[in-house]
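Right, one structure below, let's go through it.
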Amino acid sequence: MRAVTLLLSLFLSVAALAQFTPRPAHAYPFGPTSTTPVEIHFPTDCFSDRQTVTRVGPVIKVHVLDPQCQVTLPIELMQVVRVPELLPPGEYRIEVTLGDFDGIHAAGDFVVRNGGPKPFEVHPFAVPRFGGGLQVRLYGDQIRCETADCSDVTLRVDGTVVRPLKQARDGAIWFTAPPHAKGLVDVTVQREDFVEISPAALYYYEEAHISVFERVLFPVLFSTGGAQGSQWVSEATLLNPRPWFVENFNTVSRFVCLSYPCGERMSPGQTYVYQHGFPRGAVLLVPRPEAPDFAFGLRVRDTSRQAEGLGTQVPVVRESDMFHGTTISLLDVPVDPRYRIKVRVYALDPLLHPTQYVTLTIRSTTTVRHTFQFQLTRGTADEPYYAEIDLPAGAANERVNIYVRPPVDATGWAFATVTNNETQQVTIVTPNGQGGEPFPFPAGGVQ
């Protein structure tokens, strides 16, 4: 009886602590719009298949009914609920409560962008809170200045008149983004009685919110020596093909910057090249409306053997092309002793726990040869969670399939490099499809 009392006391203490430190909840997909159904993901060790989900203004309230909490051996997993309505553009707060327990069990914030029709386009979408002298481009078929100085047009950012305006030869209107408090703002254009409003056209940011910025993974950015005198260098190329500036949250450059902007701002039509500083990969944060327009390239080459080839292309992976909550498949990987094989695994926030493990399974056809478990770690905020493993050599000409299982509900990616021990030529093996490990049918097929 005393042991039960102690366990109950411990559980109540943990529950009381949780009231003051809510677990992190998040929306999925990570960058929802007003036309996107939204799920709420939150960690818990109190489970139930009954919840209510209601919206009270900007607050999404999730209440778990009749939660069954594990006292003796809590195992925290991710629970998912669907918001029953499409959300209009705005900033939202998630609040998760459990049964009769007081306080907030899990909480988080997210932004819903306008996915509906717009009377005119405004770029870039993301603007630093202090403005930063960023030039913004506004374009619409019905939006034109009749005077040289655009004095016949009144432009307002969240009700504040912005001057001066300048019209380009293609009819676009340019203005300097004024400072503003964090959040979504409308942009209004007026000429005499003609008024057009683009709702939630700009987002003023202070921090790197994943619902505003898409993560783009550059798996390797390094310059280093290797076997047999090889000198490896990676070269990343970024192109902004559009006629407007884009304000990324960060940069994948390691150069010291003395004045803002420090590589975050990408000019119209410009190409940028980066080479090193992130051997464990780098994550570029690009405003979601502009991210699909960007073009990327990444090549790794051995500069000591330039006459033999120009290198090997490595994918630059957009968040939308990563794997969420599923096993990653790397098929037909050579493990011949003439080659050395390294598997690199990446994951992005949010993770269920700061310390997370990845399981890697090697199969020859359907037979499991090896299973490994290794830990993901992270360096700076500009880097992904990362792990790597050198695979043991197999038999001559042997090939295997590799299955990488990231942590629960994680968003991740993986690839393998196969390097010839003599020539140093590198082959890249990347995932394709939705992933997943083969179903364990019995020998001889379905029975």
**Request:** Would you mention how many residues in the range 140-180 are surrounded by fewer than 16 Cβ atoms within 10 Å (Cβ to Cβ) and farther than 21 Å from Phe245 by Cα?
**Result:** 10
**Fill in**
If you go through Ile104, Ile94, the only one that is β-branched (Val, Ile, Thr), crowded, with 16+ Cβ neighbours inside 10 Å, touching a residue at least 60 places away in the same chain (Cβ under 8 Å) and outside any strand (DSSP E or B) is Ile104
**Answer residue from the range 124-139, given it is of a type in the set (A, V, I, L, M, F, W, C) and not in a strand (DSSP E or B) and is surrounded by the fewest Cβ atoms within 10 Å (Cβ to Cβ) among those** = Phe130
**Request:** Could you check, for the range 61-73, whether at least one of its residues is outside the structural domain of Ala181 (by TED's automatic domain parsing), of a type in the set (S, T, N, Q) and surrounded by 15 or more Cβ atoms within 10 Å (Cβ to Cβ)?
**Result:** no
**Request:** Would you check if Arg144 is farther than 19 Å from Thr21 by Cβ and in a loop (DSSP other than H, G, I, E, B)?
**Result:** yes
**Request:** Kindly provide the set of residues from the range 317-343 that are in a loop (DSSP other than H, G, I, E, B) and acidic (Asp, Glu), ordered by number.
**Result:** Asp336
**Item:** Listing of strands (runs of 3 or more DSSP E) fully contained in the range 219-304 that carry 1 or more residues being among the aromatic types (Phe, Trp, Tyr), buried (at least 16 other Cβ atoms within 10 Å of the Cβ) and at pLDDT 95 or above
**Value:** 295-302
**Asked** Which of the residues that make up the range 328-355 are under 14 Å from Ala414 (Cβ atoms) and not aromatic (Phe, Trp, Tyr)?
**Response** Ile328, Ser329, Leu330, Leu331, Val333, Ile341, Lys342, Val343, Arg344, Val345, Ala347, Leu348
**Asked** From the list Gln424, Gln447, Gln356, Gln434, which one is touching a helix residue (DSSP H, G or I) at 6+ places or on another chain (Cβ under 9 Å) and either exposed (fewer than 15 other Cβ atoms within 10 Å of the Cβ) or modelled with pLDDT under 95 (or both)?
**Response** Gln424
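The values are calculated or read from the model by the stated rules, or taken from the named source; none is laboratory data. What you see is a predicted model, and the numbers here were worked out from it, not measured in a lab. Cβ atoms come from the backbone with ideal geometry, glycine included; neighbour counts cover every protein chain shown.
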